[in-house]
Amino acid sequence: MRHNKKFNHLGRKTAHREAMLSNMATSLIMHKRIFTTVPKAKELRKFVEPIITRSKEDSTNSRREVFRLLQNKVAVTELFQSVSQKVADRPGGYTRIIKTGFRLGDNAAMCFIELVDYNENMLVDGGAKKTKTRRSRRKATSDAAATTTAAAPKAKKESKDAKAKEVKQAEKAVEETKTVEEAEVAEEVKTETGNVETTQSVQEETVENKEESAAPEADAAPEEKA
């Protein structure tokens, strides 16, 4: 019976599974980060973290035990020379798993597993977060509230000034339109008066011409009677 045997077999026999985890642990120690599936990464974390803990004690027995699991002299020397010094002050939790989505084809959940102390960007962020305290957070929130309350009247004043400017600009535009309309009306009046004068002058000329033409006719009529 397999009561309480809850570890993931990863679809492999014991020898195949142990060889795979040994190779993955060697790659992780040499490259500090590897990409794999989420179930394999979780099993690798269980396999490699006890090895890293054993590397903190640099003795012949520790090196032999680690070599028995890794079967790689280069990885053993890298582990005991550089990795063990990096994780000397860390009481466990040497690896980090970050999911990266799903693989094309079989849609398997993918991730990368890395050594925590070799990711300098995350270390900087973590140090900044650790320096904060609960009291400082409250103070920060109170300071932020004070700044927002102080900025509120300024924003109101700025909005009022902006509205006043808009009203002034609208008034100026109305005045300009009025002046333009008045100028157009004056021009229309001038043109109308000019047209009226021209029509009057034309009428007067026609009347004069008629009178001049009627005068010779009147003179010719008495001569015929005589």
*Residue check: is residue 62 among the small types (Gly, Ala, Ser), under 26 Å from residue 120 (Cα atoms) and surrounded by 15 or more Cβ atoms within 10 Å (Cβ to Cβ)?*
no
_In region 3-15, residue surrounded by the fewest Cβ atoms within 10 Å (Cβ to Cβ) [restricted to those that are in a loop (DSSP other than H, G, I, E, B) and of a type in the set (S, T, N, Q)]_ = 4
*Looking at (1) at negative phi; (2) surrounded by fewer than 18 Cβ atoms within 10 Å (Cβ to Cβ); (3) of a type in the set (S, T, N, Q), can you tell me which one residue 71 breaks?*
(1)
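Could you tell me which of the residues 77, 100 is among the polar types (S, T, N, Q) and touching a residue at least 12 places away in the same chain (Cβ under 8 Å)? Before the answer, list the steps.
Values: 77 fails: touching a residue at least 12 places away in the same chain (Cβ under 8 Å).
After ruling out the rest, the residue left standing is 100.
Being touching a residue at least 40 places away in the same chain (Cβ under 8 Å) and surrounded by fewer than 16 Cβ atoms within 10 Å (Cβ to Cβ) is the filter here, so list the residues in region 16-36 that pass it.
Residues of region 16-36 touching a residue at least 40 places away in the same chain (Cβ under 8 Å): 22, 25-26, 28-30, 32-36.
30, 33, 35 - these are the residues of region 16-36 that are touching a residue at least 40 places away in the same chain (Cβ under 8 Å) and surrounded by fewer than 16 Cβ atoms within 10 Å (Cβ to Cβ).
FYI, it's all coordinate maths here, none of it is from the lab. Just so you know, these numbers come straight off a predicted model, no measurement behind them. Cβ: placed from backbone, ideal geometry, glycine included. Neighbour counts: every protein chain shown.
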